[in-house]
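The values are calculated or read from the model by the stated rules, or taken from the named source; none is laboratory data. If you're wondering where the values come from, they're calculated on a predicted model, not measured in any experiment. Every residue, glycine among them, receives a Cβ derived from its backbone with ideal geometry; neighbour counts consider all protein chains shown. Surface accessibility is based on the protein's heavy atoms, side chains included, excluding ligands, DNA and RNA. Shrake-Rupley method; radii C 1.70, N 1.55, O 1.52, S 1.80 Å.
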Amino acid sequence: MPSFGPEHLAIPGPSAMPDRVLRAMHRPSPNIYAGELPDMLPGLKRDLKAVARTAGEVAIYIGNGHAAWEAALANTSAPGSRILVPTTGLFGHGWGEMARRMGIETTVLEFGKRAPADPDRIEEALRIDPTIGSVLLVQTDTSTSVLSDVRAIRAAMDAAGSDALLQVDAIACLGVDRLEMDEWGVDVVVTGSQKGLMTPPGVCFVFFGERAAARRAAMDRVSLYWDWTPRAQPEAFWQNFCGTAPTHHLFGLREALDILVHEEGLEAAWARHERLARAVWAASDAWAERGGPALNVAEPACRSRATTTLGLRDAERLRAWCEDRAGITLGIGLGMQTEGAIQRSSPDHFRIGHMGHVNAQTILGTLGAIDAGLKALRMPHGPGALEAASAALAG
Ligand SMILES: *Cc1c(COP(=O)(O)O)cnc(C)c1O
């Protein structure tokens, strides 16, 4: 039975996109000097800030998540300054490596691949080195699906008497896992368009508060392109993007934010993702009882609602079956076998992306395809996974 019919991309980014977003982009080029596009931008920024829960500023860049990493560092961290990078997977190492290549003195605090960043160890590291200027924290590391406690880490930084900035990578999980930028004392948040925000990859966002703006003002120099100040407070429209606007991305994003902020509502979106993630976890617990796909993160409070990493010997066979026979593409295992920032796929892991434009239909379809694949391939797994998932959705 080859797959025939609709396809679903269940990788943790780019995520599935609503047809409405695609349709909003299917239009002729707009004028970039006057009219709808420039008129739309203030509302777009307002809604982006609502998603990050900040009254601060937002700068938009044409680029992917890596561009947002570089932008945040370029405005806050001069070569020779010191940063602390707690890591819970590949992406923490990636951001740290980006900093190191910019000449920033980077201390990595490794927390492995299955546990969140430990606030006590961060507090201790800040006490030992009071010259640390920023802590770079990945809220959800997409390789391991570990969720760290942003609020607890801020409290630890305060307890250490540190005046370091807390910079959070929410690329995987903005709009999915709860994040309260202002209330939790986060100074910088970076994210991209293609995960929780349901828009094609290609634009990214850096949110920053007053302390981060003061840090920027004290920098000797920031390159014209990366400087967030004119992007956040432009005197002319082109300064929002240091050049031509990402026209069609902005139309797509407008539609996505209408859905997320004005129709569903951010808190309802958090609750939807919570329920869908619980269905994934319930199915996984059932499979794992007899040697099937097993959750990478044991403690539910430390699991992301955006994506789930599972361990399974020969996971590639299952991924191939789901793609060929069921039209569902699962995420490859990433960074689970290797150390550091090297991107290498892990044959004994796979990931389910469940962020953004997903509902009971897509999640049950994904879990059902995995369950059928395990049976077809005679791979070990416990019974009752789909029963457990539907009970979790119903409960
Ligand atoms: C996807 C992702 C990135 C990288 O984003 P790109 O758009 O691929 O550059 C960084 N951090 C996290 C947590 C991610 O999920």
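The table below lists the values:
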item	result
Tabulated pairs, region 126-153, first open to solvent by less than 10 Å² (accessible area, probe 1.4 Å), second assigned to a helix (DSSP H, G or I) and among the polar types (S, T, N, Q), C-beta under 7 angstrom, 6+ apart or interchain	Ser134/Thr76
Conditions (1) farther than 24 Å from Gly252 by Cβ; (2) away from the ligand (no atom under 16 Å from the Cβ); (3) in contact with a helix residue (DSSP H, G or I) (Cβ under 8 Å, 6 or more places away or on another chain); number of the one not met by Gln233	(3)
Lone unmet requirement of (1) in contact with a His (Cβ under 8 Å, 6 or more places away or on another chain); (2) surrounded by fewer than 24 Cβ atoms within 10 Å (Cβ to Cβ) for Tyr225	(1)
Subset of region 341-395 (residues that are within 30 Å of Val108 (Cα to Cα) and open to solvent by less than 60 Å² (accessible area, probe 1.4 Å))	Ala341, Ser346, Asp348, His349, Phe350, Arg351, Ile352, Gly353, His354, Met355
Selection status of Gly196, more than 22 Å from Thr76 (Cβ to Cβ), in contact with a helix residue (DSSP H, G or I) (Cβ under 9 Å, 6 or more places away or on another chain), surrounded by 19 or more Cβ atoms within 10 Å (Cβ to Cβ) and touching a residue at least 24 places away in the same chain (Cβ under 8 Å)	yes
Test for Val176: is it in contact with a His (Cβ under 8 Å, 6 or more places away or on another chain), of a type in the set (Val, Ile, Thr) and within 11 Å of the ligand (Cβ to nearest atom)	yes
Criterion (away from the ligand (no atom under 15 Å from the Cβ), open to solvent by 30 Å² or more (accessible area, probe 1.4 Å) and either out of contact with any Ser or Thr (no Cβ under 8 Å at 6 or more places or on another chain) or polar (S, T, N, Q) (or both)) met by exactly one of Glu57, Glu110, Glu70, Glu105	Glu57
Residue within region 41-51 that is touching a strand residue (DSSP E or B) at 6+ places or on another chain (Cβ under 9 Å) and buried (at least 21 other Cβ atoms within 10 Å of the Cβ) present	yes
Within region 78-94, tally of residues that are open to solvent by 10 Å² or more (accessible area, probe 1.4 Å) and away from the ligand (no atom under 16 Å from the Cβ)	5
So Val189, is it touching a His at 6+ places or on another chain (Cβ under 8 Å) and under 19 Å from Leu137 (Cβ atoms)	no
Residue match in region 114-125 (condition: within 15 Å of the ligand (Cβ to nearest atom), touching a residue at least 60 places away in the same chain (Cβ under 8 Å), of a type in the set (A, V, I, L, M) and out of contact with any Pro (no Cβ under 8 Å at 6 or more places or on another chain))	no
Region 113-125: number of residues that are over 20 Å from the mean Cα position of the chain (by Cα) and either β-branched (Val, Ile, Thr) or open to solvent by 60 Å² or more (accessible area, probe 1.4 Å) (or both)	4
Set Ser304, Ser284: member being more than 17 Å from the chain's Cα centre (by Cα) and among the hydroxyl-bearing types (Ser, Thr, Tyr)	Ser284
The one condition in (1) part of a strand (DSSP E or B); (2) touching a residue at least 40 places away in the same chain (Cβ under 8 Å); (3) open to solvent by 40 Å² or more (accessible area, probe 1.4 Å) that Glu97 fails to fulfil	(1)
Of residues in region 161-181 being open to solvent by 10 Å² or more (accessible area, probe 1.4 Å) and not small (Gly, Ala, Ser), the one nearest to Ala214 (Cα to Cα)	Asp163
Residues of region 265-287 classified as over 18 Å from Arg151 (Cβ atoms), open to solvent by less than 40 Å² (accessible area, probe 1.4 Å) and in contact (Cβ under 8 Å) with a residue 12 or more places away in the chain, total	12
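Table: residues versus (1) among the polar types (S, T, N, Q); (2) in contact with a Lys or Arg (Cβ under 9 Å, 6 or more places away or on another chain).
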{"residue": "Gly133", "(1), (2)": "no, yes"}
{"residue": "Gly185", "(1), (2)": "no, yes"}
{"residue": "Gly192", "(1), (2)": "no, no"}
{"residue": "Thr199", "(1), (2)": "yes, no"}
